[in-house]
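Below is one structure, written out as C-alpha coordinates; comments come after it.
The values are calculated or read from the model by the stated rules, or taken from the named source; none is laboratory data. What you are looking at is a predicted structure, and each value in this text was computed from that prediction instead of being measured. Positions of Cβ are generated from backbone atoms using ideal geometry, with glycine treated the same way; all protein chains shown enter the neighbour counts.
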Amino acid sequence: MKHRTRTTLVALALLGWWATRSEAISILVTENITPTSGDFKLITGVASGVVQATVSTNIAVPFGITTDTAGNIYVVNNSADAATINSIAKFTSNLAPNGFFVAPGAALNSPIAMAIKPTTQNAYITNIGPPTVPPGSVLQQSVSAPAGVTTFTDNANAGNVANPFGVGFNTSTNANNIAFNPNAATNPYMYVTNEGPTQAGGGGFVNIYNTALQRSPIATFGAGTLFTPTGIAFDALGNVYVSNINPAGSSIVRFGPGGTSPTTFITGLNSPVGLVFDPANGDLYVANNGAGTIARYSSTGVLLNATWASGLTDIRFLALAAIPEPSSIVMLGLGQVGLLAFCLHRNRRKVARAA
(Lines give C-alpha, C1' and ligand atoms only; values in the text may rest on other atoms or scores of the structure.)
Protein backbone atom coordinates (compact mmCIF):
# COMPACT_ATOMS: atom_id res chain seq x y z
CA MET A 1 0.00 0.00 0.00
CA LYS A 2 2.82 2.38 0.89
CA HIS A 3 4.60 1.51 -2.34
CA ARG A 4 1.44 2.22 -4.38
CA THR A 5 0.91 5.53 -2.58
CA ARG A 6 4.48 6.61 -3.22
CA THR A 7 4.20 5.65 -6.91
CA THR A 8 1.01 7.68 -7.23
CA LEU A 9 2.65 10.69 -5.59
CA VAL A 10 5.63 10.46 -7.92
CA ALA A 11 3.34 10.30 -10.96
CA LEU A 12 1.29 13.26 -9.78
CA ALA A 13 4.41 15.27 -9.02
CA LEU A 14 5.81 14.51 -12.45
CA LEU A 15 2.60 15.51 -14.19
CA GLY A 16 2.46 18.73 -12.23
CA TRP A 17 6.09 19.49 -13.02
CA TRP A 18 5.61 18.88 -16.73
CA ALA A 19 2.37 20.90 -16.88
CA THR A 20 4.13 23.84 -15.25
CA ARG A 21 7.14 23.49 -17.48
CA SER A 22 5.08 23.35 -20.66
CA GLU A 23 3.67 26.80 -19.91
CA ALA A 24 7.11 28.36 -19.57
CA ILE A 25 8.88 30.18 -22.34
CA SER A 26 12.63 30.17 -22.91
CA ILE A 27 14.08 33.38 -24.33
CA LEU A 28 17.60 34.27 -25.43
CA VAL A 29 18.71 37.90 -25.04
CA THR A 30 21.96 39.61 -26.02
CA GLU A 31 23.59 41.87 -23.45
CA ASN A 32 26.41 44.34 -24.05
CA ILE A 33 28.74 44.77 -21.04
CA THR A 34 31.80 46.70 -22.28
CA PRO A 35 33.31 47.46 -25.71
CA THR A 36 35.26 44.20 -25.43
CA SER A 37 32.81 41.96 -23.60
CA GLY A 38 29.21 40.84 -23.76
CA ASP A 39 27.04 37.80 -23.39
CA PHE A 40 23.71 36.23 -24.07
CA LYS A 41 21.40 34.92 -21.40
CA LEU A 42 18.89 32.10 -21.37
CA ILE A 43 15.83 33.25 -19.42
CA THR A 44 12.94 30.91 -18.65
CA GLY A 45 9.68 31.53 -16.86
CA VAL A 46 5.92 31.91 -16.88
CA ALA A 47 4.72 34.86 -14.79
CA SER A 48 8.31 36.10 -14.52
CA GLY A 49 11.61 35.10 -16.06
CA VAL A 50 14.62 33.63 -14.29
CA VAL A 51 18.13 33.64 -15.75
CA GLN A 52 19.16 30.02 -16.27
CA ALA A 53 22.50 30.54 -17.98
CA THR A 54 24.91 33.25 -19.15
CA VAL A 55 27.30 32.63 -22.06
CA SER A 56 30.13 35.05 -22.86
CA THR A 57 32.65 33.05 -24.94
CA ASN A 58 33.43 34.65 -28.34
CA ILE A 59 31.05 37.55 -27.65
CA ALA A 60 31.64 41.32 -27.61
CA VAL A 61 29.12 44.08 -28.36
CA PRO A 62 26.43 41.56 -29.33
CA PHE A 63 23.31 42.65 -31.20
CA GLY A 64 21.30 40.07 -33.12
CA ILE A 65 20.60 36.54 -31.95
CA THR A 66 18.74 33.74 -33.72
CA THR A 67 18.47 29.95 -33.93
CA ASP A 68 18.28 27.40 -36.72
CA THR A 69 16.06 24.34 -37.04
CA ALA A 70 18.62 22.22 -35.14
CA GLY A 71 18.55 24.63 -32.22
CA ASN A 72 22.01 26.08 -32.87
CA ILE A 73 22.38 29.67 -31.69
CA TYR A 74 23.98 32.52 -33.63
CA VAL A 75 25.12 35.79 -32.03
CA VAL A 76 26.04 38.84 -34.12
CA ASN A 77 29.11 40.70 -32.81
CA ASN A 78 29.32 44.39 -33.69
CA SER A 79 32.66 44.85 -31.98
CA ALA A 80 36.06 46.30 -32.78
CA ASP A 81 37.78 43.79 -30.51
CA ALA A 82 40.29 41.78 -32.54
CA ALA A 83 39.05 38.43 -31.24
CA THR A 84 35.44 39.02 -32.25
CA ILE A 85 35.46 41.97 -34.66
CA ASN A 86 32.44 41.99 -36.97
CA SER A 87 31.68 38.31 -36.60
CA ILE A 88 28.90 35.84 -35.90
CA ALA A 89 29.57 33.37 -33.10
CA LYS A 90 27.89 29.97 -33.11
CA PHE A 91 26.70 27.86 -30.17
CA THR A 92 25.04 24.48 -29.88
CA SER A 93 21.51 24.08 -28.52
CA ASN A 94 23.15 23.18 -25.19
CA LEU A 95 24.81 26.64 -25.17
CA ALA A 96 28.30 25.27 -25.85
CA PRO A 97 30.59 27.47 -28.01
CA ASN A 98 30.97 26.10 -31.54
CA GLY A 99 33.34 28.52 -33.25
CA PHE A 100 32.21 31.20 -35.68
CA PHE A 101 29.57 31.11 -38.40
CA VAL A 102 31.28 34.20 -39.88
CA ALA A 103 34.88 34.61 -38.77
CA PRO A 104 36.12 37.85 -37.15
CA GLY A 105 37.01 40.50 -39.70
CA ALA A 106 36.20 38.22 -42.64
CA ALA A 107 33.34 39.84 -44.52
CA LEU A 108 31.11 41.96 -42.29
CA ASN A 109 31.19 45.68 -41.59
CA SER A 110 29.24 46.66 -38.48
CA PRO A 111 26.69 43.80 -38.62
CA ILE A 112 23.47 44.14 -36.61
CA ALA A 113 21.01 41.26 -36.94
CA MET A 114 20.52 37.92 -38.67
CA ALA A 115 17.53 35.85 -39.72
CA ILE A 116 17.40 32.41 -41.32
CA LYS A 117 14.94 31.69 -44.12
CA PRO A 118 13.32 28.43 -42.96
CA THR A 119 12.68 27.01 -46.42
CA THR A 120 16.26 27.40 -47.69
CA GLN A 121 18.36 27.68 -44.52
CA ASN A 122 20.05 30.75 -45.94
CA ALA A 123 21.06 33.33 -43.35
CA TYR A 124 20.56 37.03 -44.08
CA ILE A 125 22.60 39.59 -42.15
CA THR A 126 21.94 43.31 -41.88
CA ASN A 127 25.17 45.27 -42.20
CA ILE A 128 25.26 49.02 -41.60
CA GLY A 129 28.86 49.63 -42.57
CA PRO A 130 30.06 51.67 -45.60
CA PRO A 131 30.86 52.09 -48.47
CA THR A 132 27.47 53.09 -49.88
CA VAL A 133 25.70 56.34 -48.99
CA PRO A 134 23.43 55.99 -47.16
CA PRO A 135 25.35 53.04 -45.79
CA GLY A 136 24.21 49.48 -45.52
CA SER A 137 23.73 46.10 -47.10
CA VAL A 138 22.08 42.75 -46.53
CA LEU A 139 24.49 39.85 -46.78
CA GLN A 140 23.82 36.13 -47.01
CA GLN A 141 25.43 32.78 -46.26
CA SER A 142 24.08 29.24 -46.16
CA VAL A 143 23.63 27.71 -42.72
CA SER A 144 23.66 24.12 -43.92
CA ALA A 145 26.68 24.51 -46.21
CA PRO A 146 28.58 27.74 -45.47
CA ALA A 147 30.62 28.79 -48.50
CA GLY A 148 31.43 32.40 -47.73
CA VAL A 149 29.42 35.57 -47.28
CA THR A 150 27.95 37.17 -50.38
CA THR A 151 25.96 40.35 -50.90
CA PHE A 152 22.23 39.85 -51.28
CA THR A 153 21.52 43.53 -51.78
CA ASP A 154 22.87 47.03 -51.29
CA ASN A 155 22.24 50.38 -52.90
CA ALA A 156 24.43 49.45 -55.85
CA ASN A 157 21.84 46.75 -56.53
CA ALA A 158 18.77 48.97 -56.03
CA GLY A 159 18.39 47.65 -52.50
CA ASN A 160 17.00 50.91 -51.06
CA VAL A 161 18.85 50.34 -47.78
CA ALA A 162 19.62 53.05 -45.23
CA ASN A 163 21.28 51.70 -42.09
CA PRO A 164 19.41 48.38 -42.12
CA PHE A 165 18.81 47.03 -38.63
CA GLY A 166 16.26 44.29 -37.84
CA VAL A 167 15.42 41.42 -40.16
CA GLY A 168 12.87 38.61 -40.15
CA PHE A 169 10.72 36.34 -42.34
CA ASN A 170 6.93 36.44 -42.26
CA THR A 171 6.14 32.71 -42.25
CA SER A 172 2.44 33.02 -41.40
CA THR A 173 0.11 30.97 -43.60
CA ASN A 174 -2.98 32.76 -42.35
CA ALA A 175 -5.30 33.99 -45.10
CA ASN A 176 -4.35 37.61 -44.36
CA ASN A 177 -0.70 36.97 -45.17
CA ILE A 178 -1.45 34.59 -48.03
CA ALA A 179 -3.43 37.38 -49.67
CA PHE A 180 -0.23 39.43 -49.76
CA ASN A 181 2.17 36.54 -50.38
CA PRO A 182 0.44 33.52 -51.95
CA ASN A 183 3.62 31.44 -51.57
CA ALA A 184 4.31 32.25 -47.91
CA ALA A 185 4.56 28.56 -46.99
CA THR A 186 7.40 27.89 -49.43
CA ASN A 187 8.86 31.35 -50.00
CA PRO A 188 8.23 33.68 -47.03
CA TYR A 189 9.08 37.31 -47.68
CA MET A 190 11.92 39.00 -45.81
CA TYR A 191 11.28 42.25 -43.90
CA VAL A 192 14.16 44.60 -43.04
CA THR A 193 13.89 47.66 -40.79
CA ASN A 194 15.99 50.68 -41.77
CA GLU A 195 16.95 53.43 -39.35
CA GLY A 196 17.03 55.94 -42.19
CA PRO A 197 19.73 58.04 -43.87
CA THR A 198 21.42 58.70 -40.51
CA GLN A 199 21.62 56.54 -37.41
CA ALA A 200 20.21 59.48 -35.48
CA GLY A 201 16.84 58.37 -36.81
CA GLY A 202 13.90 60.35 -38.05
CA GLY A 203 13.51 58.74 -41.45
CA GLY A 204 12.90 55.09 -40.71
CA PHE A 205 11.11 52.60 -42.94
CA VAL A 206 10.77 48.87 -43.66
CA ASN A 207 11.60 47.05 -46.89
CA ILE A 208 10.05 43.76 -48.04
CA TYR A 209 12.09 41.46 -50.26
CA ASN A 210 11.24 38.36 -52.26
CA THR A 211 14.66 36.75 -51.79
CA ALA A 212 13.92 34.11 -54.44
CA LEU A 213 13.52 36.64 -57.24
CA GLN A 214 15.16 40.01 -56.83
CA ARG A 215 17.44 42.25 -54.82
CA SER A 216 15.25 45.34 -54.90
CA PRO A 217 12.35 45.54 -52.43
CA ILE A 218 8.90 44.59 -53.64
CA ALA A 219 7.40 47.05 -51.15
CA THR A 220 8.44 49.73 -48.69
CA PHE A 221 6.33 51.00 -45.80
CA GLY A 222 6.48 52.93 -42.53
CA ALA A 223 7.96 56.20 -43.82
CA GLY A 224 6.43 59.04 -41.83
CA THR A 225 5.24 56.61 -39.14
CA LEU A 226 8.52 55.14 -37.95
CA PHE A 227 11.26 57.27 -36.40
CA THR A 228 14.03 54.77 -35.63
CA PRO A 229 12.74 51.24 -36.26
CA THR A 230 14.80 48.46 -34.73
CA GLY A 231 13.39 44.98 -34.01
CA ILE A 232 10.67 43.24 -36.01
CA ALA A 233 8.36 40.28 -35.34
CA PHE A 234 5.23 38.67 -36.78
CA ASP A 235 2.15 37.19 -35.15
CA ALA A 236 0.27 34.09 -36.26
CA LEU A 237 -1.99 36.18 -38.51
CA GLY A 238 0.97 37.65 -40.36
CA ASN A 239 0.70 41.10 -38.79
CA VAL A 240 4.01 42.96 -38.56
CA TYR A 241 5.28 44.50 -35.30
CA VAL A 242 8.13 47.01 -35.28
CA SER A 243 10.01 48.46 -32.32
CA ASN A 244 10.11 52.21 -32.84
CA ILE A 245 12.54 54.33 -30.82
CA ASN A 246 11.38 57.95 -30.77
CA PRO A 247 12.42 60.86 -28.51
CA ALA A 248 8.75 61.83 -28.40
CA GLY A 249 7.79 58.41 -27.03
CA SER A 250 8.93 54.94 -28.01
CA SER A 251 6.40 52.33 -29.06
CA ILE A 252 5.58 49.13 -30.89
CA VAL A 253 3.80 49.84 -34.17
CA ARG A 254 1.62 47.16 -35.76
CA PHE A 255 1.06 46.84 -39.51
CA GLY A 256 -1.00 44.42 -41.51
CA PRO A 257 0.78 41.94 -43.82
CA GLY A 258 2.66 43.93 -46.42
CA GLY A 259 2.77 47.01 -44.19
CA THR A 260 -0.83 48.19 -44.37
CA SER A 261 -2.94 49.95 -41.71
CA PRO A 262 -0.35 51.13 -39.15
CA THR A 263 -1.54 51.40 -35.55
CA THR A 264 0.28 52.11 -32.31
CA PHE A 265 0.12 48.80 -30.45
CA ILE A 266 2.13 49.54 -27.28
CA THR A 267 3.40 52.83 -25.84
CA GLY A 268 5.49 53.92 -22.85
CA LEU A 269 8.58 51.89 -23.76
CA ASN A 270 12.22 52.73 -23.06
CA SER A 271 14.29 52.35 -26.24
CA PRO A 272 12.77 49.01 -27.35
CA VAL A 273 14.85 46.79 -29.60
CA GLY A 274 14.17 43.06 -29.69
CA LEU A 275 10.70 41.56 -29.60
CA VAL A 276 9.42 38.03 -29.91
CA PHE A 277 6.07 36.24 -29.73
CA ASP A 278 5.28 33.16 -27.69
CA PRO A 279 3.76 30.84 -30.31
CA ALA A 280 1.82 28.97 -27.62
CA ASN A 281 -0.38 31.86 -26.51
CA GLY A 282 0.52 34.92 -28.59
CA ASP A 283 2.11 36.87 -25.73
CA LEU A 284 4.65 39.45 -26.86
CA TYR A 285 7.99 39.99 -25.13
CA VAL A 286 9.82 43.31 -25.62
CA ALA A 287 13.44 44.17 -24.74
CA ASN A 288 13.60 47.67 -23.23
CA ASN A 289 17.21 48.63 -23.85
CA GLY A 290 17.00 51.80 -21.77
CA ALA A 291 15.58 50.07 -18.71
CA GLY A 292 17.40 46.76 -18.84
CA THR A 293 14.11 44.87 -18.71
CA ILE A 294 12.01 42.49 -20.77
CA ALA A 295 8.29 43.29 -20.62
CA ARG A 296 5.49 40.82 -21.30
CA TYR A 297 2.25 41.77 -23.08
CA SER A 298 -0.83 39.82 -24.07
CA SER A 299 -1.66 39.24 -27.73
CA THR A 300 -3.94 42.27 -27.55
CA GLY A 301 -1.26 44.57 -26.13
CA VAL A 302 -2.29 44.45 -22.46
CA LEU A 303 0.70 44.77 -20.11
CA LEU A 304 1.09 41.56 -18.10
CA ASN A 305 4.46 42.21 -16.46
CA ALA A 306 6.63 45.27 -17.06
CA THR A 307 9.63 43.51 -15.52
CA TRP A 308 9.19 39.90 -16.64
CA ALA A 309 13.01 39.96 -16.57
CA SER A 310 15.03 42.78 -15.03
CA GLY A 311 18.52 43.74 -13.89
CA LEU A 312 19.89 43.33 -17.42
CA THR A 313 22.57 45.52 -19.01
CA ASP A 314 22.28 47.23 -22.41
CA ILE A 315 20.12 44.48 -23.88
CA ARG A 316 19.50 44.23 -27.61
CA PHE A 317 17.70 41.45 -29.49
CA LEU A 318 15.57 38.50 -28.40
CA ALA A 319 15.04 35.01 -29.79
CA LEU A 320 13.10 31.95 -28.75
CA ALA A 321 15.30 29.16 -27.49
CA ALA A 322 14.91 25.55 -28.60
CA ILE A 323 12.64 23.81 -26.09
CA PRO A 324 13.36 20.09 -25.70
CA GLU A 325 10.71 17.41 -25.48
CA PRO A 326 11.73 14.46 -23.32
CA SER A 327 12.06 11.03 -24.87
CA SER A 328 12.91 9.73 -21.43
CA ILE A 329 12.74 11.16 -17.95
CA VAL A 330 15.24 10.32 -15.25
CA MET A 331 13.95 10.84 -11.72
CA LEU A 332 16.76 12.01 -9.52
CA GLY A 333 14.95 11.97 -6.21
CA LEU A 334 12.17 13.15 -3.97
CA GLY A 335 12.58 15.87 -1.39
CA GLN A 336 10.51 18.28 0.62
CA VAL A 337 9.93 20.41 -2.46
CA GLY A 338 8.64 17.46 -4.48
CA LEU A 339 9.99 15.67 -7.47
CA LEU A 340 13.25 16.71 -9.06
CA ALA A 341 13.43 15.58 -12.65
CA PHE A 342 15.82 15.91 -15.50
CA CYS A 343 14.80 15.62 -19.12
CA LEU A 344 17.06 13.85 -21.53
CA HIS A 345 16.12 14.64 -25.11
CA ARG A 346 17.43 12.34 -27.78
CA ASN A 347 15.01 12.01 -30.64
CA ARG A 348 12.63 14.96 -30.74
CA ARG A 349 13.05 18.69 -30.39
CA LYS A 350 10.50 21.43 -30.57
CA VAL A 351 12.21 24.43 -32.12
CA ALA A 352 10.82 27.98 -31.77
CA ARG A 353 12.77 30.81 -33.54
CA ALA A 354 12.85 34.70 -33.71
CA ALA A 355 11.20 36.01 -36.79
Name the residues in the range 244-280 that are in contact with a Phe, Trp or Tyr (Cβ under 9 Å, 6 or more places away or on another chain) and at positive phi, would you?
-> G258, G259, S261
Check on T153, over 24 Å from E31 (Cβ atoms), surrounded by 16 or more Cβ atoms within 10 Å (Cβ to Cβ) and at pLDDT 90 or above | yes
Boolean, R346 is of a type in the set (K, R), farther than 24 Å from E195 by Cα and modelled with pLDDT of 50 or more | no
List, please: which pairs have Cβ atoms under 7 Å, are six or more places apart or on different chains, and start with a residue in the range 256-271 that is touching a residue at least 40 places away in the same chain (Cβ under 8 Å) and surrounded by 15 or more Cβ atoms within 10 Å (Cβ to Cβ) and end with one that is outside any strand (DSSP E or B) and hydroxyl-bearing (S, T, Y)?
-> P262/T225
Taking the range 133-164, which residues are among the β-branched types (V, I, T), out of contact with any Lys or Arg (no Cβ under 7 Å at 6 or more places or on another chain) and outside any loop (DSSP other than H, G, I, E, B)?
-> V138, T150, T151
Subset of the range 62-84, residues touching a residue at least 24 places away in the same chain (Cβ under 8 Å), part of a loop (DSSP other than H, G, I, E, B) and on the phi < 0 side of the Ramachandran plot, comes to D68, T69, A70, N72, N78, S79, A80, D81, A83, T84
Would you please name the residue that is farthest from the chain's Cα centre (by Cα), looking only at residues in the range 181-194 that are buried (at least 19 other Cβ atoms within 10 Å of the Cβ) and touching a residue at least 40 places away in the same chain (Cβ under 8 Å)?
-> N181
What about N94, is it in contact (Cβ under 8 Å) with a residue 60 or more places away in the chain, of a type in the set (S, T, N, Q), surrounded by fewer than 24 Cβ atoms within 10 Å (Cβ to Cβ) and more than 17 Å from P164 (Cα to Cα)?
-> no
Determine, yes or no, whether T211 is among the polar types (S, T, N, Q), more than 17 Å from L139 (Cα to Cα) and in a loop (DSSP other than H, G, I, E, B).
-> no
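Yes/no per residue for (1) among the hydrophobic types (A, V, I, L, M, F, W, C); (2) modelled with pLDDT of 95 or more; (3) over 22 Å from G259 (Cα atoms):
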| site | (1), (2), (3) |
| --- | --- |
| T132 | no, no, yes |
| A145 | yes, no, yes |
| S172 | no, yes, no |
| N183 | no, yes, no |
| G196 | no, no, no |
Collect the residues in the range 38-61 that are farther than 22 Å from I116 by Cβ and in a loop (DSSP other than H, G, I, E, B), keeping them in residue-number order.
-> V46, A47, S48, S56, A60
Out of all the residues in the range 119-132, which are in a loop (DSSP other than H, G, I, E, B), under 20 Å from A319 (Cα atoms) and in contact with a strand residue (DSSP E or B) (Cβ under 7 Å, 6 or more places away or on another chain)?
-> Q121
So which of G129, G148 ends up being surrounded by fewer than 16 Cβ atoms within 10 Å (Cβ to Cβ), in contact (Cβ under 8 Å) with a residue 12 or more places away in the chain and not acidic (D, E)?
-> G148
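Let's see how each residue does on (1) surrounded by 17 or more Cβ atoms within 10 Å (Cβ to Cβ); (2) assigned to a strand (DSSP E or B); (3) outside the structural domain of I25 (by TED's automatic domain parsing):
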residue: S243; (1), (2), (3): yes, yes, yes
residue: A248; (1), (2), (3): no, no, yes
residue: S251; (1), (2), (3): yes, yes, yes
residue: R254; (1), (2), (3): yes, yes, yes
residue: G274; (1), (2), (3): yes, yes, no
residue: A287; (1), (2), (3): yes, yes, no
residue: S299; (1), (2), (3): no, no, no
residue: N305; (1), (2), (3): yes, yes, no
residue: T313; (1), (2), (3): no, no, no
